[in-house]
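Derivation of every value follows stated rules applied to the coordinates shown; laboratory data play no part. Bear in mind that the values here come from a model prediction, so they are computed numbers and not experimental data. All Cβ positions, glycine included, derive from the backbone under ideal geometry; neighbour counts span all protein chains shown.
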Amino acid sequence: MKAMEPEDVGELIGMGARMHMASRYRRKNYSPEKLVRMGAKWLATPATCFCAVAWRGDVRVGFFVGLITEFFFGHDRAAYDVLLYVEKSARGGVAAWMLVDAYRKWARSQSIPDDAIYAGVSAPDVGPERSRTYRFYEKLGFSEIGRTFCMRDSHV
């Protein structure tokens with residue numbers, strides 16, 4: 001695992017396209033051009049944006065992006081994940097654990113208390129995938145605090 005570098009962005013956009021196609025968002029627009037701009041912005045603000053890449057040998061197998069922002073109701077800050085993705089071939093190993101652990105350590109180094117470090121789950125909410133994902137976060141010290149709802153869509 002190491003910090004994301006500008007030269008990683010192109011490969012990660014390709015990896016992100018695979019993540020996008022496997023997600024509930026697959027029918028939504030995917031813009032590599034927008035992601036290049038966002039990647040540059042995120043990499044330019046390391047005090048408020050965590051960007052890391054998991055490697056297996058010399059191959060990128062996953063990445064994580066997290067942001068720090070103030071709560072809307074006051075000036076205390078919180079860390080939120082934007083995305084975590086690990087290629088299928090590397091799931092079940094240490095890549096995701098290393099990425100999330102590094103995110104937690106980064107957030108703490110930015111004076112974010114543990115009760116303000118968030119990680120969301122947009123994986124399927126049923127079956128074994130949900131169970132694996134939830135157990136993963138629980139083993140890392142996260143607790144479920146709620147759920148996100150979306151209007152039903154006949155295309156999803």
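Structure above, values below:
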{"item": "In segment 75-103, the residues that are on the phi < 0 side of the Ramachandran plot and of a type in the set (G, A, S)", "result": "A78, A79, S89, A90, G93, A95, A96, A102"}
{"item": "Residue count for segment 104-118, restricted to those that are in a helix (DSSP H, G or I) and within 13 Å of the chain's Cα centre (by Cα)", "result": "1"}
{"item": "Lone qualifier among L99, L67 - being touching a Gly at 6+ places or on another chain (Cβ under 7 Å) and either of a type outside the set (S, T, Y) or in contact (Cβ under 8 Å) with a residue 12 or more places away in the chain (or both)", "result": "L99"}
{"item": "Residue list for segment 70-96, restricted to those being of a type outside the set (D, E), surrounded by 15 or more Cβ atoms within 10 Å (Cβ to Cβ) and without any contact (Cβ under 8 Å) to a residue 40 or more places away in the chain", "result": "R77, A79, L84, V86, A90"}
{"item": "Count of residues meeting criterion [assigned to a strand (DSSP E or B) and of a type outside the set (K, R)] in segment 43-86", "result": "27"}
{"item": "Selection status of G14, surrounded by 14 or more Cβ atoms within 10 Å (Cβ to Cβ) and either at positive phi or in a helix (DSSP H, G or I) (or both)", "result": "no"}
{"item": "Test result for Y118, touching a Phe, Trp or Tyr at 6+ places or on another chain (Cβ under 6 Å) and closer than 24 Å to H20 by Cα", "result": "yes"}
